[in-house]
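What follows is one structure encoded as structure tokens, with my remarks underneath.
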Amino acid sequence: MKKFRGFTLAEVLITLVIIGVVAVFVIPVVIQKHNNLVVEGRLAKFYRNINAAIQLSELENGDRTIWSASNNMIEFEYDEEGNPIKGSSSIEKWWNYYIAPYMSTLKIEYKESGCPVFYFADGSALEPECDQEYSSTADWFFYPGDPESCKKRYNNDYSKLSGVCGFSFIYFPDCESKYSGTPKEINCKYLPNTFEPYKWGWDGTTKGLTSTQQGYSCLSDSENNIRKRSYCATLIQSAGWKITKDYPLNVNY
């Protein structure tokens with residue numbers, strides 16, 4: 001009878017070391033691919049759903065250009081102590097009237113400023129820019145995952161989380177008439193839908209999306225923390241809502 005020799009302890013340890021080394025290189029790649037797929041899917045889904053909701057709402061509420069609170073400063077009602085009353089902001093009233101009936105909103109939560117954050121069933125969320133020095137219904141931030149986790153991960157630094165776990169969008173219901181006289185500021189032909197990835201000042205070129213000299217680009221070195229890397233969602237959109245190998249950041253959600 002043949003006698004079979006088992007593995008020695010040294011052989012087992014060497015095998016485990018090899019497996020560990022391989023895992024160190026493989027697991028991060030697998031995780032990143034998964035992150036990419038989730039972020040791509042939720043960006044594309046949100047873009048599709050928000051613009052479909054706007055179109056459906058127009059059938060009931062008339063042309064979007066005459067909707068109340070469109071492209072205006074966001075206003076709040078305040079209590080006796082001067083604190084914003086939750087649910088009182090003009091942007092939330094706008095959302096509940098024009099968008100919510102046509103786009104399922106899982107819940108609404110509030111930041112300390114009283115600014116609403118709209119949550120969706122797939123785990124993503126959307127917040128208007130209404131707690132900065134300048135607030136407007138034009139500027140929005142989309143999170144493929146939980147916004148609080150995203151902001152905590154990067155210490156609420158938008159210059160670090162932008163293009164990674166949060167993405168800038170812009171809302172222009174009447175671009176042509178309002179901005180046709182300022183082509184250097186915004187070119188309306190790059191805004192085919194009302195709700196678009198941020199494109200303010202974009203020159204329409206791929207280079208314009210990644211130039212470090214452009215304050216809004218996905219590789220921006222701008223000191224403006226809120227606007228830095230604003231073009232990242234546009235860069236993903238330009239690739240068919242795909243995060244390509246040359247995308248400059250590692251996304252997560």
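Couple of notes before you dig in:
- All positions within region 86-123 that are surrounded by 19 or more Cβ atoms within 10 Å (Cβ to Cβ), in a loop (DSSP other than H, G, I, E, B) and touching an Asp or Glu at 6+ places or on another chain (Cβ under 9 Å): 89, 114, 115
Residue-by-condition table, conditions (1) in contact with a strand residue (DSSP E or B) (Cβ under 9 Å, 6 or more places away or on another chain); (2) hydrophobic (A, V, I, L, M, F, W, C):
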residue	(1), (2)
44	no, yes
60	no, no
67	no, yes
76	yes, yes
86	yes, no
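- Taken over region 44-98, the criterion of being within 13 Å of residue 195 (Cβ to Cβ), in contact with a helix residue (DSSP H, G or I) (Cβ under 7 Å, 6 or more places away or on another chain) and of a type in the set (Val, Ile, Thr) is satisfied by 54 alone.
- Looking only at residues in region 26-63 that are of a type in the set (D, E, K, R) and part of a helix (DSSP H, G or I), the one that is surrounded by the fewest Cβ atoms within 10 Å (Cβ to Cβ) is 60.
- Scanning region 26-68 for residues that are of a type in the set (A, V, I, L, M, F, W, C) and touching a residue at least 24 places away in the same chain (Cβ under 8 Å) returns 38, 39, 43, 44, 46, 50, 52, 53, 54, 56, 67.
- Selection within region 192-220: residues that are hydrophobic (A, V, I, L, M, F, W, C), out of contact with any strand residue (DSSP E or B) (no Cβ under 7 Å at 6 or more places or on another chain) and assigned to a loop (DSSP other than H, G, I, E, B). The member of this set that is surrounded by the most Cβ atoms within 10 Å (Cβ to Cβ) is 218.
- Selection from region 154-173 of residues that are under 22 Å from residue 51 (Cβ atoms), outside any strand (DSSP E or B) and either without any contact (Cβ under 8 Å) to a residue 40 or more places away in the chain or of a type in the set (Phe, Trp, Tyr) (or both): 172
- Being within 28 Å of residue 125 (Cβ to Cβ), modelled with pLDDT under 85 and surrounded by 19 or more Cβ atoms within 10 Å (Cβ to Cβ) is a property that residue 150 lacks.
The values are calculated or read from the model by the stated rules, or taken from the named source; none is laboratory data. Predicted model only: the values in this text are computed from it and were never measured. Cβ: placed from backbone, ideal geometry, glycine included. Neighbour counts: every protein chain shown.
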